[in-house]
Each structure stands twice: as C-alpha cells, then as structure tokens.
1. Just give me the residues in the stretch 92-114 being farther than 16 Å from residue 141 by Cα and touching a residue at least 24 places away in the same chain (Cβ under 8 Å), in sequence order.
2. Which residue pairs have Cβ atoms closer than 7 Å, lie 6 or more positions apart in sequence or on different chains, and pair a first residue in the stretch 13-27 that is aromatic (Phe, Trp, Tyr) with a second residue that is surrounded by 17 or more Cβ atoms within 10 Å (Cβ to Cβ)?
3. Please enumerate the residues belonging to the stretch 22-54 that are at pLDDT 80 or above and open to solvent by less than 50 Å² (accessible area, probe 1.4 Å).
4. Within the stretch 59-76, can one find any residue that is in a helix (DSSP H, G or I), farther than 30 Å from residue 175 by Cα and acidic (Asp, Glu)?
5. Considering only residues of the stretch 86-100 that are assigned to a loop (DSSP other than H, G, I, E, B), open to solvent by 10 Å² or more (accessible area, probe 1.4 Å) and not polar (S, T, N, Q), which is modelled with the lowest pLDDT?
6. Can you tell me which of (1) aliphatic (A, V, I, L, M); (2) over 30 Å from residue 33 (Cα atoms); (3) in contact with a helix residue (DSSP H, G or I) (Cβ under 9 Å, 6 or more places away or on another chain); (4) without any contact (Cβ under 8 Å) to a residue 60 or more places away in the chain is the one residue 172 doesn't meet?
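The values are calculated or read from the model by the stated rules, or taken from the named source; none is laboratory data. These numbers come from a predicted model, not from an experiment. Cβ coordinates were reconstructed from backbone atoms using ideal geometry, including for glycine residues, and neighbour counts include every protein chain displayed. Just so you know, the surface numbers come from the protein's heavy atoms only, side chains and all, with ligands and any DNA or RNA stripped out. Shrake-Rupley method; radii C 1.70, N 1.55, O 1.52, S 1.80 Å.
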Amino acid sequence: MIARSSKQLLVVSPVFQRLYEDDRGIPSEYVHVVPNWGNDNKVDADSSAALAFRLKLGIPEDAFVAVYAGNVGVASNVEILVDAFAKLKNRSQIYLVIAGDGSQLDICRKEAERQKLDRVVIHTPWKKEETGPVLKMANVLLLPTRGRQSVNSIPSKLITYLLSGRPIIAAVLPESDTAEAILE
C-alpha cells in the first residue's frame, strides 16, 4: 500500500526494482535504482597500520587471515564460519577474525571456546577508525549469508569490502545482486 501510494520509489538494486515492478505491480517509470555506495575514506590504511593491527591481535605476520567484519546477526550467519574454521583446526597458520558485534556474537564466542579454537579472534567493540586496518590485514574477507538473505538485501559491508581491494569469499545465491557485484 505504501509503495503504491508513493510518487517515486528508490531501491538499491535491480533485483529490488524487479520485485516492485513484477511482484507488487509498480509501474517501471516510478521505480529507480540508486545503488548503495559508500565513502572510500573508511578503508584507508597503509600496510604498516594493517600489520600493527594484526600484531595487536596476537596474529603472526606470516599467518593467513580470514576476516568477517560487520554485524554479527542472524542474517549474517557468521556462526557457520566458526564451524568451518573448526575443520581447519590443524592448520596453525590460518586465523579467523570476527570484527563486530551483534546478537550472534556470544554464540560464535562460545562455539570457538567449546571447540578450543584459539585462532578464532573476536574483535569487539570495533571502532570506526579501525576499519581500514581490520580490512587491510585480511588475506581474504568473508561474507556469509543465511538462506535467501542474499537475494533479499545487499549487505552494506560489501561496499567497504570492495573498496578495501581484498579478495572476497561470499556464501550467496548466484542470482543475487551481491553475487553480481562481486563478479563485476
């Protein structure tokens, strides 16, 4: 009802545009895509700042570091990363850093403790000025999602991930805007 009574709709992706046009019957001339984008100042960090941050967290300089950075909520499915990391328990040079906060953080922390995963590093609170060093210290950035969540939204962290220039491993559906943005 709100969408139909609006003069114009701004959506963040072509998938949302199709949803409003096809499923909700909004004429295409009223639906406009304005991609969610960000400020690249947040990911500024030189390699020395990233290395210093890595060492501050107790991670060796030569370790391989996988980072999840952002909201640790239900939709993000971050706890699956802890489960996956348990399978890498014997790989002493691989670290998982979970930087952020949210409703599932305690679940991640307890599961890492239960499985004695001492190379799962939880960094919280995560200060805004740490964004660059957190992302730049990563060898790879992780972007899990739960179920069809990747079709229903575009995680805002994707923008910052892309601006950091690091490789991204995403658990998303292939038809999602998130998958398309990563492939582009």
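1. Looking only at the stretch 92-114, we keep the residues that are farther than 16 Å from residue 141 by Cα, and these are 92-93, 101-114.
Those that are farther than 16 Å from residue 141 by Cα and touching a residue at least 24 places away in the same chain (Cβ under 8 Å): 92, 93, 101, 102, 103, 104, 105, 107, 108, 111, 112.
2. 20/9; 20/11; 20/26; 20/31
3. 26, 31, 49, 50, 53, 54
4. Keep residues of the stretch 59-76 that are in a helix (DSSP H, G or I), which gives none.
The answer is no; no qualifying residue exists.
5. Result: 89.
6. Unmet condition: (2).
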